[in-house]
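The values are calculated or read from the model by the stated rules, or taken from the named source; none is laboratory data. The model shown is predicted, which means the values in this text are computed figures rather than measured ones. Here the Cβ positions follow ideal geometry from the backbone for every residue, glycine too, while neighbour counts run over all protein chains shown.
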């Protein structure tokens, strides 16, 4: 089970041989920064092309490594195209270099599901043609680096930002392409001296658990940070982390073998529903890079070697989770992977710091020590090993935006498509992670069935894993209402739900303000505004989707949605209760799905009932109006706001309370309100028209008026 080799592949590189780190962007010497960016660009461009020398012929470039991804020829061209597309978008290149190439290589694949096969056929250019194109791109980018005006610090709006973005993007694909090469058929790849793997394997260790004391974590980059970051790194996040125990080592091939030999891939109880679906489809019975040839071998990038049992196992999230569930059953302890916060707490306790620019990493990172994993006992960090480096580490946390998140206008879809609770974060980097990937602030995420150079460590903790708020509302109607309730004021019209709440509260002077009911609450802004003064507010709406928005805002204190700007173009919006000074009232608001014409008995004894833009959307408005007094305390207020837009698709015409002729005379909705309410209410003010605006796009708005009437219950 154990093999021992010489220490070839773990030599310490000299500082001159180090692959350049990500460039500091906030120095005091513009010329030195310019030179550093050029050196980083050319080294990355060269290193990326070097990776593809491991492919033996054109077939290796155009035959897919796996059905769910493009062939490798795409990725050779893609990173160069990325530079051109972003530089044209930034108006730094006057024209495209090769429009055909830049169309073919523009968009990659985020496999939506493990069985979402992509059988599209492409007419790929030859390798020579792609390399000639890359040469042109190299010359263009170097020319810009040397000629563009430079001012420090380099920030989001600097002309150098898209250049650094392109460098970091290519470094991401250096890693993801190496995974695809590792998955290519063995006869189509060949070892290269520049990509020599580590050849060290010793006795695998026994793993143990070490306590990580409780503490707090503060995450998120400032927008003036000195180093490049992807959009999801910015913002702010603070959390208190309870004490937990973390495994001293990453799970090794040897430790994972016990799970395999115990039938872990055959026992459905260890697998989530999603994981079981993947395992069944893939017919997986062991880790994907394990190869059985009378004994276990390990597939590296360009060769198969005798299994190094002391190296970290490389699995997807589902396999790691199944192992933890099995381990939990074996030990009787709550075993799982760490959360993102726990991983950062561990890194802090282990004393992990950012990589030096002039010394080899004390971790298997940044290609400093070889082109593969290495023993899990090689790099120690505090009491643990491989807190960073060797392989990425799956965590329990799906990726999500920090409060204060924003997208860069040149790459507005880098992260937002992954805010779906289906992409889990990986932390710490692998042997080939370079540049931004190696920084502690890095936040990369993949679908749970995805394969990367990724493994895991496990923790024991009683703390429950909570899913973060990651969802961006993209349904057009729901997003419009999110903007209507929590977004900006448009064409000079004040926020309508807030305006109604202010009028309602003004009507309650010298009246008790214990309980309020917001009927037809939609996305919930008015409910929160009423809770500024009411002890308890119930928000009720017939739509479960609206209720979900209100609940999300109440629980997460944040609501995110995509706002249509023009055609398919959207902006990403984040609204928080804190920004509206409503954070402290959330615990006084409850949201419920309900029918205003058939409310449950518990919705009673209110001092205020607000029905905003509701009555002309009810199927029996008269039934609602004739019974609502039963819900309101004597002396309480009923506030009705409506544009009186009666439509038969919502309310049968026979049920309209106004907006029609009767016996040749006009009957207004106000007439109908008086007829139905005056038995139990008196109108305490003249009707008032309140404007509201619903924004559809940046150039289209619905401008309307809602008539507001106030009624005091008298009996």
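Residue 590 meets all of the listed conditions (1) assigned to a helix (DSSP H, G or I); (2) more than 29 Å from residue 698 (Cα to Cα); (3) out of contact with any helix residue (DSSP H, G or I) (no Cβ under 7 Å at 6 or more places or on another chain) but one, namely (1).
Pairs linking a residue in the range 347-368 that is under 18 Å from residue 22 (Cβ atoms) to a residue that is not in a loop (DSSP other than H, G, I, E, B), with Cβ atoms under 6 Å and 6 or more positions apart or on different chains, are 352/381; 355/438; 358/15; 365/438; 366/438. Among the listed residues 39, 80, identify the single one that is free of Cβ contacts under 8 Å to residues at least 60 places away in the same chain and closer than 28 Å to residue 360 by Cβ. Residue meeting the stated conditions: 39.
Condition check ((1) assigned to a strand (DSSP E or B); (2) surrounded by fewer than 18 Cβ atoms within 10 Å (Cβ to Cβ)) across all residues:
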position: 359; (1), (2): no, yes
position: 368; (1), (2): no, no
position: 389; (1), (2): no, no
position: 396; (1), (2): yes, no
position: 413; (1), (2): no, yes
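Annotation: residue 327 fulfils all but one of (1) touching a residue at least 40 places away in the same chain (Cβ under 8 Å); (2) more than 16 Å from residue 258 (Cβ to Cβ); the unmet one is (2). Could we say that residue 433 is surrounded by fewer than 21 Cβ atoms within 10 Å (Cβ to Cβ) and part of a loop (DSSP other than H, G, I, E, B) here? Against the criterion (surrounded by fewer than 21 Cβ atoms within 10 Å (Cβ to Cβ) and part of a loop (DSSP other than H, G, I, E, B)), residue 433 does not qualify. Scanning the range 667-687 for residues that are assigned to a strand (DSSP E or B) and either free of Cβ contacts under 8 Å to residues at least 24 places away in the same chain or loosely packed, with under 13 Cβ neighbours inside 10 Å (or both) gives 667, 682.
Quick one: which residue in 534, 546, 542 is farther than 27 Å from residue 404 by Cα, modelled with pLDDT under 95 and in the same structural domain as residue 576 (by TED's automatic domain parsing)? Just one listed residue meets the conditions, 542.
Of all residues in the range 218-241, those satisfying the criterion of being surrounded by 14 or more Cβ atoms within 10 Å (Cβ to Cβ) and over 26 Å from residue 417 (Cα atoms) are 226, 241. Restricting attention to the range 231-261, the residues being within 25 Å of the chain's Cα centre (by Cα) and in contact (Cβ under 8 Å) with a residue 40 or more places away in the chain number 10. Being over 16 Å from residue 520 (Cα atoms) and either buried (at least 21 other Cβ atoms within 10 Å of the Cβ) or in contact with a helix residue (DSSP H, G or I) (Cβ under 9 Å, 6 or more places away or on another chain) (or both) is a property that residue 664 lacks. Looking at the range 84-192, the helices (runs of 4 or more DSSP H) lying wholly inside it that each contain 3 or more residues that are modelled with pLDDT of 95 or more and surrounded by 13 or more Cβ atoms within 10 Å (Cβ to Cβ) sit at 127-147, 161-183. Condition check for residue 605 on (1) surrounded by 14 or more Cβ atoms within 10 Å (Cβ to Cβ); (2) modelled with pLDDT of 95 or more: one failure, at (1). Please determine, by comparing only the residues of the range 278-308 that are farther than 29 Å from residue 53 by Cα and touching a residue at least 60 places away in the same chain (Cβ under 8 Å), which one is surrounded by the fewest Cβ atoms within 10 Å (Cβ to Cβ). My answer is 281. Among the residues of the range 529-554, those that are more than 21 Å from residue 602 (Cβ to Cβ) and in contact with a helix residue (DSSP H, G or I) (Cβ under 8 Å, 6 or more places away or on another chain) comprise 529, 532, 533, 545, 549, 553.
Taking the criterion of being buried (at least 17 other Cβ atoms within 10 Å of the Cβ) and free of Cβ contacts under 8 Å to residues at least 40 places away in the same chain, the only residue of the range 505-530 that qualifies is 505. Scanning the range 229-256 for residues that are part of a loop (DSSP other than H, G, I, E, B) and under 30 Å from residue 291 (Cα atoms) gives 248, 249, 250, 251.
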